[in-house]
Amino acid sequence: MLGETIFPAGCALCKSSPILASEAFYGICDQCRKLLIPETGKRCARCGRPLVSEANICMDCRMIDIPFFDSCRVLFPYSGKPKEFLSEYKYGTGRRAASFIAELLCQELEELRKSPSYFDGIVPVPPSPGKIRMKGWDQVEMIVRQMGTASGLPVKRCLSRLSSKVQKELDRVGRLNNLDGRIRCIAPPPLHAVLVDDVMTTGATLNECAKILKNGGAHTVVALALCYD
């Protein structure tokens, strides 16, 4: 970490060396930041994906059970530049980009706070056992740490995760069954929680976490992620 602070890694997208202090701080150059503008327009009230012609709830969400989270906000499709950016953050040398991801999610959080919404804590989706030991870090933890500083909300690390199969190798039904009983609440959750993950695929992980938070005493849970797949 000291070496990365003194010699910041290049832009997470174009690999150019940082020139401005803001570029070193965000881990992405000013020009590439302009390529990552969150989608606008109407979104599904349940999964956060853009609506085509549906009203309020997308067709996919109408075919499944109502999720335990009260609403979901997701900023980008997991494709093109957003996928390239997030992949470099998670698997490459772009860890400093946690600051930029946190800023994007905090901007979305501020939009939510303009409505009659109240939040009293940020909850990270817990990593699978052994992930930190194997990779050396937790990408969601770095994001929520920055979010807590920027938003003034406390980060509540109240969830833990037991061993299970790798989620990305399973279909929707498999993902739901795989996590059943594998998420635990190890501390009192916030009453009005913001649940944060980096990518939402089927929503199974966010849904299971939201269920456990509500079983633990949370009244409302808003799910927030950078990308949807």
* In terms of the Cα gyration tensor, with a ≥ b ≥ c the square roots of its eigenvalues, is the stretch 3-90 rounded because a/c is under 1.5, prolate because a/b exceeds b/c, or oblate? -> prolate
* Beyond 15 Å, what share of the Cα-Cα pairs of the stretch 176-229 is found? Please give it as a whole percent. => 45
* Asked: If the limit is 20 Å between Cα atoms, which of K83/K114; K114/K214; K156/K211; K15/K90; K15/K81; K114/K211 go over it?
  -> K83/K114; K114/K214; K114/K211
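P(r) tail for the stretch 72-141, what percent of Cα pairs lie past 22 Å? Display every interim value, and only then the final one.
Numbers: 766 of 2415 pairs.
More than 22 Å apart: 32 percent of the Cα pairs in the stretch 72-141.
Given R₀ = 22 Å, FRET efficiency for T40-E103 by Cβ-Cβ distance, to 0.05? Walk me through the numbers on the way to the answer.
Details: r = 17 Å, r/R0 = 0.78.
About 0.80, to the nearest 0.05.
Within the accessible area of the chain, what % is carbon and sulfur when the probe is 1.4 Å and the other protein chains stay in place? It would help to have the intermediate numbers written out before the result.
Details: 6400 of 11620 Å².
C and S fraction of accessible area: 55 percent.
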* Based on a Kirkwood Rh over C-alpha pairs, give the Stokes-Einstein translational diffusion coefficient of the stretch 26-137 at 4 °C and viscosity 1.567 mPa s in µm²/s. => 79
* Amide N proximity, the stretch 185-200 versus D65 label position 7 Å along Cα-to-Cβ, cut-off under 19 Å -> 185
* Evaluate the distance, in nm, between pseudo-label points positioned 7 Å from the Cα of D180 and of T93 along their respective Cα→Cβ axes. => 4.6
* To do: With runs of 4+ DSSP H residues as the only contributors, calculate the mean residue ellipticity of the chain at 222 nm using -39,500 (n - 2.57) per run, divided by the residue total and rounded to the nearest 500.
  => -10500 deg cm²/dmol
* Compute the long axis of helix 80-91 from its Cα atoms, compare it with the longest principal axis of the Cα atoms of the chain, and write down the angle in degrees, 0 to 90, nearest 10. => 80
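Rolling a 1.4 Å sphere over the protein heavy atoms, what is the accessible area per residue of the chain, to the nearest Å²? Present the calculation step by step, with values, prior to reporting the outcome.
On the way: 11620 Å² over 229 residues.
Ligands and nucleic acids excluded, the result is 51 Å² per residue.
For the chain, count the residues as N, evaluate 2.2 N^0.38 Å, and divide the Cα radius of gyration by that value, please.
On the way: Rg = 17.3 Å, N = 229, 2.2 N^0.38 = 17.3 Å.
Here the answer is 1.00, to two decimals.
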* To the nearest 10 Å², what's D60's accessible area with a 1.4 Å probe? -> 120
* Structure fact -> Nearest-0.05 FRET efficiency for S53 and S17 at R0 = 35 Å, using Cβ-Cβ distance, is 0.15
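The values are calculated or read from the model by the stated rules, or taken from the named source; none is laboratory data. Keep in mind it's a predicted model, so treat the numbers as computed, not measured. Every residue, glycine as well, gets a Cβ built from its backbone with ideal geometry; the counts of neighbours run over all protein chains shown. Protein only, heavy atoms only, side chains kept; ligands, DNA and RNA dropped before computing areas. Shrake-Rupley method; radii C 1.70, N 1.55, O 1.52, S 1.80 Å.
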